[in-house]
Amino acid sequence: MGAKKTSGKRKSSGKKDKRPRQGQRTGSSFAGASFERSQVLGSGTQTTKINLQAYAAVPTALNSLPRLPQEFTGRGDEIAKILSILDPGSGSGAAVGSVAGLPGVGKTTLAHAVGHAALDKGWFTNVQMVNLRGYDPTPVPPEDALEALLRALGVEAEHIPPTLDEREGLYRSQLHALAREGDRVLILADNASTSDQIRPLLPARHHAVLVTSRHTLPGLGARLFNLHPLQPDAAVDLLHQRLEVADPDDRRVEDEPAAAEELAALCGYLPLALQIAAALLADDPDQLLSERVRMLTDAGTRLGGLDDGERNLSAVFDECLTRLSHQEADLYRLLGLHPGPDISTPAVAALTGQPADKITPVLRQLVRARLLTQNSEARDRWSMHDLLRVHAQEKARTTMDRDRAPRRRYEQARARLTDHYVRHAEAAETHLRPPGDAVSTLFAGRDQALAWFDAERENLLATTHSYARTQTAMNLGFALGHYLKWRRRLQDLATVRAHALEACQALGDTLNLAGAWNNLGNTLQDLRRYTEALDAHQTALNLHQQTGNTRGQANAWTNLGNTLHELRRYTEALDAHQTALNLHQQTGDTHGQAGSWNNLGNALQELRRYTEALDPYRTALNLHQQTGNPHGQAGSWNNLGTALRELRRYTEALDAHQTALNLHQQTGDTHGQA
């Protein structure tokens, strides 16, 4: 997905906050600060009290609700949706919202933005923040979070009871007292990892809580909001504004808009990754964006280039794994072996060697941890954010490099996965062949086979590329031919055909080498690269003649004739198709004969021998009808109509073309319909 091009000055959607920073104190596990601000509302003045509460064993800055960074952008829709959850007019009970998202997606900053927006609307007179550090080695327990909030609400330390239940009771009574005075409190509970951390903090009514977490925390009964990476144009905007903050004269984004879009994509549109990249660029003002793009692309891993000395994206992702069970972490690494952008549950089962019903609960745990996404429409498909996929690949590679036993296990997992794809692709391909050949029972029919190919196309292409010059690439190169031709994915087809040819050469597979040359020639012809196609088909013919493969020779002559036709060498094409027809008749290949008769008619038409062309087309049509090939019939009817039109037999031509259209519509061939 490309980023929208932008130009000119970009404006942040975040409001600048010029409120002064407070002081700092040390030696306490808790730190709090409060200040008041007044704003005129109608005829009166409302006093707003804002508090920040943090939990730490180190010096803590006593800040108010933090001001938004100047480069904060692209979250207007998200803020509006979360505000609708917190709106005091939406219900009488306590409003509870939960923002979940993967690490680095900007959950905390979004919570700050929501807090500012809610204050500006006058919905709350008091904002309390508590960092629950849910993904640290020692998360903040709820009783300690309650102590921090009680202090911030004005309770003296000596009056805070020791137990969780007592603190929870006092906390609710304090909130109730504030509500009686007309005060509403917004609690921002940041970085929670479990529902148990949050439940004691939930007010009974009047007030509101907004939770941020990498998990969905469904047990809270909260309105759930999933935060996604930025849109491409907003990601580019963030880069621009961050560089402009460092240097108002920095014009690198305007000067290299394409490189800015590519850099944003390499950062996965994650705010944290974009901020790190911007910090590195700001530190090196002479570096071109295109150079930074090359560094991230050529480094072998994007994550290695996303470390500014203070923030390291790989370390952030590493921290996520510490919260996983052994089985979940193992599956996360195994998913790094998958070369494609998403994976189906049956493919995961093949990868792990476990039944689908056993592995699905583990997949769902990774979804809850925001390390995996479940497709909302196709529920048996799962995907990772690009940078998480890179991280999982690194972890799998590290595990394989560290120990021979995991390497063997991972190699076995890869073999199971590629076998799954090859076996299903070959089975689906049988449903796309001309009628008469046996079809696999792995798919119920042609529609189901096409649907599987559509769902797995990108994965199959990625697997072919990842396993270049191997048996897997050769097998998939042959199995994908009919499908990619049917869907007119000709560039993809050329790529897999080339991989299949290279694999045959690397493996010394002379039996399939001629077929690989033939298939590549067909695709080059579809791409109008006729001279290259002619060479490929001539090579295929020579190889088939060396091995005495009559059927292969017939196909090669057919393809040579078609290419000569495109090169306007019609007499030579006519001879080639006659030779192909003779060979198909020797082998008794009815489908091949039908194709040759059709091609003979085409050559005769180009030689303006229209009356002679009618009989070959009718013969081809009869043979296609005998074999029950509606696609072949459609082509013959269409060609017959063209010849009749040239003979000025327009009514018959119209009927022939209408029949062809009807058949193409029946088979779903949109290219033929057009």
Practice prompt. Go over the candidates 310, 261 one by one and state the one that is among the charged types (D, E, K, R) and either part of a loop (DSSP other than H, G, I, E, B) or within 24 Å of residue 366 (Cβ to Cβ) (or both).
Written response: 310
Practice prompt. Could you give me the residue pairs with C-beta distances under 8 Å whose first residue belongs to the stretch 138-167 and is among the acidic types (Asp, Glu), whose second residue is not in a helix (DSSP H, G or I) wherever it lies, and which are 6+ apart or on separate chains?
Written response: 143/163; 144/29; 144/55; 147/30; 147/160
Item to complete: Any chance you could count how many residues in the stretch 360-380 are surrounded by fewer than 19 Cβ atoms within 10 Å (Cβ to Cβ), in contact (Cβ under 8 Å) with a residue 12 or more places away in the chain and not small (Gly, Ala, Ser)?
Response: 7
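Rundown of residues vs (1) in the same structural domain as residue 101 (by TED's automatic domain parsing); (2) within 17 Å of residue 102 (Cα to Cα), yes/no style:
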residue: 184; (1), (2): yes, no
residue: 190; (1), (2): yes, yes
residue: 195; (1), (2): yes, no
residue: 199; (1), (2): yes, no
residue: 202; (1), (2): yes, no
residue: 212; (1), (2): yes, yes
residue: 217; (1), (2): yes, yes
residue: 222; (1), (2): yes, no
residue: 236; (1), (2): no, no
Practice prompt. Could you grab me the full set of residues in the stretch 329-374 that are of a type in the set (D, E, K, R) and either assigned by TED's automatic domain parsing to the domain that holds residue 422 or over 14 Å from residue 384 (Cα atoms) (or both)?
Written response: 330, 357, 358
Worksheet entry | Wholly within the stretch 538-608, helices (runs of 4 or more DSSP H) carrying at least 2 residues that are free of Cβ contacts under 8 Å to residues at least 24 places away in the same chain | 570-587
Item to complete: Of the numbered conditions (1) at pLDDT below 90; (2) part of a loop (DSSP other than H, G, I, E, B), residue 89 fails exactly one; give the number of that condition.
Response: (2)
Practice prompt. Can you give me the number of residues within the stretch 597-638 that are surrounded by fewer than 22 Cβ atoms within 10 Å (Cβ to Cβ) and more than 26 Å from residue 553 (Cβ to Cβ)?
Written response: 10
Worksheet entry | Output for the stretch 209-228, where each listed residue is crowded, with 21+ Cβ neighbours inside 10 Å and in contact with a Pro (Cβ under 8 Å, 6 or more places away or on another chain) | 209, 214
Practice prompt. Report, ordered by the first and then the second residue, all pairs with beta carbons closer than 6 Å, sequence separation of six or more or different chains, a first member in the stretch 202-231 that is in a strand (DSSP E or B), and a second member that is hydroxyl-bearing (Ser, Thr, Tyr) and buried (at least 24 other Cβ atoms within 10 Å of the Cβ).
Written response: 211/98; 224/98
Discussion item. I'd like the full set of residues that are crowded, with 18+ Cβ neighbours inside 10 Å and β-branched (Val, Ile, Thr), limited to the stretch 319-344.
Written reply: 343
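Can you report the number of residues in the stretch 571-596 which are closer than 18 Å to residue 609 by Cβ, buried (at least 18 other Cβ atoms within 10 Å of the Cβ) and not assigned by TED's automatic domain parsing to the domain that holds residue 619?
Within the stretch 571-596, the subset closer than 18 Å to residue 609 by Cβ is 571-578, 581, 596.
Those still in the list that are buried (at least 18 other Cβ atoms within 10 Å of the Cβ) too: 573-574, 576-577, 581, 596.
Restricting the remaining residues to those that are not assigned by TED's automatic domain parsing to the domain that holds residue 619 gives 573-574, 576-577, 581.
Summing the residues that are closer than 18 Å to residue 609 by Cβ, buried (at least 18 other Cβ atoms within 10 Å of the Cβ) and not assigned by TED's automatic domain parsing to the domain that holds residue 619 in the stretch 571-596 gives 5.
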Worksheet item: Which residue out of 632, 641 is small (Gly, Ala, Ser), out of contact with any Leu (no Cβ under 6 Å at 6 or more places or on another chain), part of a helix (DSSP H, G or I) and under 18 Å from residue 435 (Cα atoms)?
Response: 632
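The values are calculated or read from the model by the stated rules, or taken from the named source; none is laboratory data. Keep in mind it's a predicted model, so treat the numbers as computed, not measured. Every residue, glycine as well, gets a Cβ built from its backbone with ideal geometry; the counts of neighbours run over all protein chains shown.
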